[in-house]
Amino acid sequence: MRVRMAPSPTGYFHLGSARTALFNWLYARRTGGRFILRIEDTDRTRLVPDSLQDIMDSLRWLDLQWDEGPAVGGAYGPYFQSERLPLYHEWGERLISAGLAYRCYCSEERIEALREGQRARKEPIIGYDRHCRTLTAAQRADLEASGATSVIRFAMPLEGETRFVDLLRKIKPFDNDHYRDPILVKTDGFPTYHFANVIDDHFMEITHILRGDEWLSSVPLHVNLYDALGWEIPVFAHLPLILDPSGVGKLSKRKKKGEGGEELLTFIREYRAAGYLPEAMFNFLAGMGWAYSPDTDLFTRRQAIERFDLADINPAAGALPLSKLEWMNGHYIRGLDPEDLAERLLPFLAESLAQPIESLWHNPALPVLVPLIQERLKTLDEAAALIDFAFVEEISYDPQMLVAKGLTPVLSLAALQAAGSLLAELPFTEEGMDVPLRGLADRLGVKVGQLFGILRVATTGKNIAPPLFGSMIALGRARTLARCAQAEELLRRM
RNA sequence: GCCCCCAUCGUCUAGAGGACCAGGACACAGGCCUUUCAAGCCUGGUGCAGGGGUUCGAAUCCCCUUGGGGGCACCA
């Protein structure tokens, strides 16, 4: 089995593309086949310079390594369509000689005007009027002599219908008349998608075409091309599209998410930057349109490979279940070895705290804090907000926060002072602090939550922070006491 | 406008005529635990789009309607 992912380098690697790549990869791994990466760079006007790199980075990040393609080579190359031009020209000419394609000299303006008129008149079929299809040899010679530019168009059968099989659905026959002689080779000498795609899939010996649903309606054209070229038709499976989280519209259009108005992430690189784990993304993406088991949504890539079957893919487009991704990412974070988590956290912390990775890595607070926030993270980028207090000299907060709920500033101050003197002498370990501090709350006649809350704010500057003892241990006795003293000062001034 | 695809809880899904008064997960609600926030545990509600058929029997098959999606480029 040979399958391929064929992105065009006209933008960053999209979530939907990633899912398509994932299914291709799974199928190849399941069947012991080959997963090929081919770059469809035939639109010179829309090329985005760093998108090729982004495609490869994203694929590698998801650990969807291709067996043939850019950077790895292979026996069926080149894997860039821009390097295969002679092949397209050769077959274009062959089709012309066989009377299955023809040169068209119509200007883009004429075509556009034609289409506009058709739409205005609400004509059922929009498309080329086949003007040049019936040109005489003499007329062609004249046009060529005048130096007119031309494209190559496919001479679609004028009538009849085209049938084909899709693995995931039952397809009605398509009327050939709807395909008005599509362009195969553009005036710039580059092929269009349809032509390059068919030729490459043939010569790369692709056996199964697994691609997005948006291609379904162009299959009849492809089928006729295969027929015209005399080639065997591969197996088709058009994968469901991923819809906007609201369930309305394709994900590809950049939109806002929900009422909050937060930006909806659509590129793999954005999810990566937001602190999602590749193993979570893999699990999540594989679980859309396909199910590993009726009992659980969690599975490893190994398990996915064992059970993957094209026939099990759900053909219906689905809304992106983002809340599930968040939960799943948290689940995978919780399952990480703390040291592993710390390492993955470093780049995120370094950026948020504006500190070099090296110094963070050697900061003794890190190994203390990471296990404490592990079950509190949905994404890696949330860590800094939780533990930054241990990595900065000064913390600032609203002094009002030091007043515990139900207590006065005076009482809060008294509690803080008592706790401060106690902390000056206690062993700085969880076991060392626990009983004495609870006892203190008891003696002061305040709730444990009240006392701990005051200390939490005094030491971290936050109402929401990692567990108190660990936070103080990460800070160390000296800094803890200093911050308590500062907090006392703030309370006195109230 | 024309063509095609799709249709199970709010969402992602399991279900390929009887094992389904429809199972799982996320989200949501309530509770337990608890030093904040989480995590964890328990409990709960909500669904086969509608209408016709076929059949002893339909979420599962057929038709229509409706809804959603995709396509109709010298973009892929």
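The values are calculated or read from the model by the stated rules, or taken from the named source; none is laboratory data. The structure displayed is predicted, hence computed values, not measured ones. Glycine gets a Cβ as well: all are built from the backbone with ideal geometry, and neighbour counts include every protein chain shown. Please note that ligands, DNA and RNA were not included when accessible areas were found on the heavy atoms of the full protein model with its side chains. Shrake-Rupley method; radii C 1.70, N 1.55, O 1.52, S 1.80 Å.
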### Dipole magnitude of chain A about its Cα centre (Cβ charges: Lys, Arg +1; Asp, Glu -1), debye to nearest 20
940 debye
### Query
What is the antiparallel percent of DSSP beta bridges lying wholly in region A:194-349, to the nearest 5?
30 percent
### Message
As a test question: what accessible area, to the nearest 10 Å², does A:R153 have when a 1.4 Å probe is rolled over all protein chains in place?
### Response
10 Å²
### Task
Would you kindly derive the ³J(HN,Hα) couplings of region A:104-113 from the backbone phi angles with the Karplus curve 6.51 cos²θ - 1.76 cosθ + 1.60 (θ = phi - 60°), listing them in order in whole Hz, with x for Gly and Pro?
10, 9, 5, 7, 4, 4, 4, 4, 5, 4
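Quick check on my link table: of A:K405/A:K462; A:K378/A:K405; A:K250/A:K378; A:K172/A:K250; A:K378/A:K462, which ones sit more than 21 Å apart, alpha carbon to alpha carbon?
A:K378/A:K405; A:K250/A:K378; A:K172/A:K250
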### Residue (of A:N24, A:I233, A:S396) at the positive-pole extreme of chain A, dipole from beta-carbon charges
A:S396
### Amide hydrogen neighbours beyond the local backbone of A:D166, cut-off 5 Å, H modeled
A:I171
### Query
Quick one: longest stretch of chain A between exposed loop GluC sites (Glu not before Pro), exposed meaning at most 10 other C-beta atoms within 10 Å and loop per DSSP?
A:1-158
### Task
Go through region A:182-196 residue by residue and turn each phi into a ³J(HN,Hα) via Karplus (6.51, -1.76, 1.60, θ = phi - 60°); whole Hz please, and just put x for glycine and proline.
x, 6, 9, 10, 7, 4, 7, x, 8, x, 7, 3, 4, 6, 4
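How many percent of DSSP beta bridges within region A:156-282 run antiparallel, rounded to 5? Mind dumping the intermediate values first?
On the way: 7 of 13 bridges.
Taking every DSSP beta bridge within region A:156-282, about 55 percent pair in antiparallel fashion.
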#### Entry: Antiparallel bridge percentage (DSSP; both residues within chain A; nearest 5)
50 percent
### Task
May I ask you to evaluate 6.51 cos²θ - 1.76 cosθ + 1.60, the Karplus curve with θ = phi - 60°, for each residue of region A:94-103 and list the ³J(HN,Hα) values in order in whole Hz, giving x for glycine and proline?
4, 5, 5, 4, 7, x, 9, 8, 8, 7
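Show me the three semi-axes of the equivalent ellipsoid for chain A, from the C-alpha gyration tensor (sqrt of 5 times each eigenvalue), largest first, rounded to whole Å.
Listed largest to smallest, the semi-axes of chain A are 64, 22, 20 Å.
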### Query
What nm value, rounded to one decimal, do you get for the distance between A:L353 and A:S97 when each label is placed 7 Å out toward the C-beta?
7.0 nm
### Query
Isolated Cys in chain A by the 4.7 Å beta carbon test?
A:C106, A:C484
### Task
Would you be so kind as to identify which of A:F13, A:L264, A:A274 lies farthest towards the positive end of the dipole of chain A, taking Lys and Arg as +1 and Asp and Glu as -1 on Cβ and the Cα centre as origin?
A:L264
### Dipole magnitude of region A:246-399, debye to nearest 20 (Cβ charges: Lys/Arg +1, Asp/Glu -1, about Cα centre)
880 debye
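Mind ranking A:460-469, A:125-134 by how tightly packed they are, going by the mean number of other C-beta atoms within 10 angstrom, highest first?
On the way: A:460-469: 17.9, A:125-134: 14.9.
For the peptides A:460-469, A:125-134, the packing ranking is A:460-469, A:125-134.
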